[in-house]
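Okay, so here's the structure we're looking at.
The values are calculated or read from the model by the stated rules, or taken from the named source; none is laboratory data. Here the structure is a predicted model, which means the values were calculated and not measured. Here the Cβ positions follow ideal geometry from the backbone for every residue, glycine too, while neighbour counts run over all protein chains shown. Keep in mind that these areas ignore ligands, DNA and RNA; they rest on the heavy atoms of the full protein, side chains included. Shrake-Rupley method; radii C 1.70, N 1.55, O 1.52, S 1.80 Å.
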Amino acid sequence: MAQRDAQWGSLMTYGVLFLCHANVCRSRLMEHEFRAAEKAEGDERWPAASAGVAAAVGHSPCEEVVALAAESPLGARSRRADRGAVQLDHGLLQEAGLVITATRAERAEVALLLPAMRSRTYTLREAVALAQIEPLTAATRTGATPGDVLTAFAESLDRHRGSVRAENKTSRSHWLHRRGRADDVDIADAHHRRARDHQRALRTVQVETIALHAQLSAFAQRLQLLGS
C-alpha cells in the first residue's frame, strides 16, 4: 500500500487506470502516452496511472517502452516512467473513474475483483471503437468537473456496449493474422514474441491511446458547450 501511495499520488475518482498483465509493457505505455497527450493540451485534467493484474511488484518497464517514451514530449524519465510495476488491488479500482485494459482477460479480472466497476471498464480498442459509433452524448450539466466528464464518458460508452464484436484467438497463427482486424478488441501481449510483433503491438497501443484521449477531450468540449 505504501508503494502504491508513493507512486500514484491521489488519483481519486477523476483518473484513468490502465491495466495489462504485468505492468511492464502495454499499460505502462498507455499511461505514458495519455499523460503526454494531456500535457500537450495544457493542464492535467485526468490523472493517469497503470497497474498489472499479475505484476511482479517493482519490475522495471521493458526497454522498448522506455525507448518509445523517450520520443514523446515527456521524455524517457518523466514522472513514474521508471518506477517499478504495480499490482492491481481493490483500492486502485475504487479510485478510478475509467478503467482501460489491454485485453478482455484483464477486463474480466476487474469484474471479478470489483463487479461494480464493470460499467467503467473497457479494453482500449473497445473504448475507441465504441466512441466512434456515434457522437457520445450526456445529460446537460453546467459547471461539469473533469471527474463528471470522465463519469459521463464511461456511461456513454456503456450505453453502446455490445456494439463491438470480439474475435476469439485460438492459436499463435490466428493472433498473427488477425491482429489488425477492426473487430478485435484486444491488444495481445507480444512481449515475448518476435521483436517486430512486439513493436507492432506497442505502436498500436500508442495510436489507440492517443485516439482515446482525443475522443475524451472532444467529449469534454461538447459537454461544456451543452452546459454553457
If you scan the stretch 184-197, which residues turn out to be part of a helix (DSSP H, G or I) and open to solvent by less than 10 Å² (accessible area, probe 1.4 Å)? D197
Does the stretch 72-93 contain at least one residue that is basic (K, R), at pLDDT below 90, open to solvent by 20 Å² or more (accessible area, probe 1.4 Å) and in contact with a Leu (Cβ under 9 Å, 6 or more places away or on another chain)? no
Within the stretch 17-65, the count of residues that are in a helix (DSSP H, G or I), closer than 18 Å to G147 by Cα, open to solvent by less than 10 Å² (accessible area, probe 1.4 Å) and touching a helix residue (DSSP H, G or I) at 6+ places or on another chain (Cβ under 6 Å) comes to 1
Counting only residues that are at pLDDT 90 or above and among the hydroxyl-bearing types (S, T, Y), which one in the stretch 119-150 is farthest from A108 (Cα to Cα)? S119
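Filtering the stretch 212-228 down to residues that are part of a helix (DSSP H, G or I), open to solvent by 30 Å² or more (accessible area, probe 1.4 Å) and among the small types (G, A, S), which residue is modelled with the highest pLDDT?
Top of the filtered list is A214.
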Those residues that are under 15 Å from S50 (Cβ atoms) and in contact with a helix residue (DSSP H, G or I) (Cβ under 8 Å, 6 or more places away or on another chain), I need them from the stretch 108-121; list them, please. V110, T121
Within the stretch 159-183, can you find the residues that are at pLDDT 85 or above and open to solvent by less than 50 Å² (accessible area, probe 1.4 Å)? H160
